[in-house]
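Peer 1: Next up is a structure, given as structure tokens.
The values are calculated or read from the model by the stated rules, or taken from the named source; none is laboratory data. Only a predicted model underlies this, so the values are computations on that prediction, with no experimental measurement involved. Cβ sites come from the backbone with ideal geometry, for glycine too, and all protein chains shown count toward neighbours. In case anyone asks, the SASA skips ligands and DNA or RNA and just uses the protein heavy atoms, side chains included. Shrake-Rupley method; radii C 1.70, N 1.55, O 1.52, S 1.80 Å.
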Amino acid sequence: MDTPLSYTMSLADVGELESLVDKLDSLEIDPAAPYFFDQAWDLTAMVPSGVRRFLAEFCRDERAATCTVRGWPIGDRALGPTPANWSEAAAQGRGRREEFVLGLLAMCLTGETFSWSTLQGGRLLHNVVPIAGDEQEQSGHGQVLLEWHTEDGFHPYRCDYLLLFGMRNPDHVPTLVSSVRDVRLDEADLELLRQPRFHIMPDNEHLRQMAEKHPGHPSLLRARKMRDEPRAVPVLFGAPESPYLRIDPYFMRCADDDPAVETALRRLIDEMNRVQQRIEVEPGTLLVVDNYLAVHGRAAFRARFDGTDRWLKKALVTRDLRVSRDMRESPSSRVIV
Ligand SMILES: O=C(O)CCC(=O)C(=O)O
Ligand SMILES: [Fe+2]
């Protein structure tokens, strides 16, 4: 089993991190602003070295598809009620201290934090909360089973690492993860999955948020083109014996009508169900998912909309920001337009 690596912060680690957060807080820095992330070189030096080493080694060695960092104390009362939606959370700066922690830990991974102009207004840190009216959506804001997906799997510039940081999770709703390394398939199926015979369409969330807020925006037109004229891609890639994975069954189809390809995809999905692990992202726990090695989803749950709902903070890290230069306004911009 590809078990998550885990690091539990010591009291000394927590103390160091708290001092750093206190300092950032008093400087009135915005934890979701590019400026904060641009200070990574100085800031990461102040993150406890055990945490820093653990996250760097997770990226370098790929020994596991996921890892957790535990032990950040969250005062449930101080956090205030779970926001009704992401715009309210952002406008009111809710969970500000936790955003500093998430940002600092993201800086310790190999790469750069970035965002999409089509999601949560391009903000660098996201809020994952149930939203009334979105119950049926295949997104972090829905309540139905969120099916297996590679984060932003349709996009060549998708993240290398997805970070989920628990604010509250009173019903212990699990995030689901499956590692490609646990999957067992015969060579004929593997061979078909290595071929560019699959279309992955943009998920509704990218299209919907943009259509509501900025109809006519070039990135919306681009996302629609990706939906209407998808390029065929393989599901497995990289080293044939130890492949990476790119899949989003809910939003994908086989490019041609070959039943053998469809069966191979079906068998892979069955395997992901078989080997799935349930990880409860508890308050103060950071879960990092290697977006090349694992797919993730979330169990169905029932929201209460009374300020006590499950609430996660989320960030995306890419190993190479430069590859997306054609879709960013400047070399240092962190937003993919
Ligand atoms: O809520 C979760 O545990 C996962 C949500 C998710 O997949 C996402 O926001 O990308
Ligand atoms: Fe996701």
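Peer 1: For the stretch 5-336, what % of the accessible area comes from carbon and sulfur atoms, probe 1.4 Å? Don't jump to the answer; show the numbers that get you there.
Peer 2: Details: 7220 of 14250 Å².
Carbon-and-sulfur percentage of accessible area, whole number: 51.
Peer 1: So what's Rg/Rh here for the stretch 5-336, counting alpha carbon atoms and using the Kirkwood radius for Rh? Let's see the in-between values first.
Peer 2: Details: Rg = 19.4 Å, Rh = 20.4 Å.
Dividing the radius of gyration by the Kirkwood radius yields 0.95.
Peer 1: Taking the Cα atoms only, what angle lies between the long axis of helix 218-228 and the longest principal axis of the chain, rounded to 10 degrees?
Peer 2: The two axes meet at around 30 degrees.
Peer 1: Counting only heavy atoms of the protein chains, get the accessible area per residue of the chain (1.4 Å probe) and round it to a whole Å² value.
Peer 2: Computed with neighbouring chains in place, this is 43 Å² per residue.
Peer 1: Ranked from highest to lowest mean number of other Cβ atoms within 10 Å per residue, what is the order of the peptides 19-28, 311-320? Walk me through the numbers on the way to the answer.
Peer 2: Details: 19-28: 13.1, 311-320: 22.0.
Most protected by this proxy first, the peptides run 311-320, 19-28.
Peer 1: Okay, moving on. Dipole of the stretch 5-336, Cα-centred, from +1 at each Lys and Arg C-beta and -1 at each Asp and Glu C-beta, to the nearest 20 debye? Please report the intermediate quantities before stating the final value.
Peer 2: Details: 41 positive and 51 negative charges, 63 e Å.
Roughly 300 debye, rounded to the nearest 20.
Peer 1: Taking only C-alpha pairs under 8 Å that are 6+ residues apart, what is the relative contact order of the chain in percent? If you can, show how the numbers build up before the last one.
Peer 2: Working: 644 pairs, mean separation 100.2, N = 337.
Answer for the chain is 30 percent.
Peer 1: Next question, about the same structure. In a GNM of the chain with a 10 Å cut-off on Cα contacts, which of 185, 321, 104 has the highest mean-square fluctuation?
Peer 2: Result for the chain, Cα springs under 10 Å: 185 fluctuates most.
Peer 1: Just to compare against my own numbers: the Cα pair-distance distribution for the stretch 99-159, 5 Å bins, whole % per bin, please.
Peer 2: Each 5 Å bin holds this share of Cα pairs: 4, 15, 17, 25, 23, 12, 4, 0.
Peer 1: What is the Cα convex hull volume of the stretch 65-185 when expressed per residue in Å³? Kindly include the intermediate steps, with their values, before the conclusion.
Peer 2: Numbers: hull volume 17.9 nm³, N = 121.
Each residue corresponds to 148 Å³ of Cα convex hull volume.
Peer 1: Using the 2.2 N^0.38 Å rule of thumb for compact globular proteins, work out how the stretch 204-291 stacks up: its C-alpha Rg over that value, please.
Peer 2: On the way: Rg = 17.1 Å, N = 88, 2.2 N^0.38 = 12.1 Å.
The reported ratio for this selection is 1.42.
Peer 1: On to the next question. If one computes the Cα centroid of the stretch 172-215 and of the stretch 58-103, what distance in Å separates the two points?
Peer 2: 24 Å
Peer 1: Which distance in nm do the two modelled labels at residue 319 and residue 253 give, with both placed 7 Å along the Cα-to-Cβ direction?
Peer 2: 3.3 nm
Peer 1: Per-residue counts of other Cβ atoms within 10 Å, averaged by peptide: what ranking do you get for 294-306, 217-229, highest first?
Peer 2: Numbers: 294-306: 17.7, 217-229: 14.8.
Sorting 294-306, 217-229 by mean packing, highest first, produces 294-306, 217-229.
Peer 1: Using the alpha-carbon centroid of each, what span in Å lies between the stretch 219-292 and the stretch 1-54?
Peer 2: Each part reduced to its Cα centre gives a spacing of 31 Å.
Peer 1: Which one, 326, 30, 152, has the greatest fluctuation when you compute a Gaussian network model over the chain with C-alpha springs under 10 angstrom?
Peer 2: 326
Peer 1: If each residue of separation counts as 0.36 nm, what is the full-extension length gain between residue 39 and residue 1 once their alpha-carbon separation is subtracted?
Peer 2: The residue 39-residue 1 span can extend by a further 9.9 nm.
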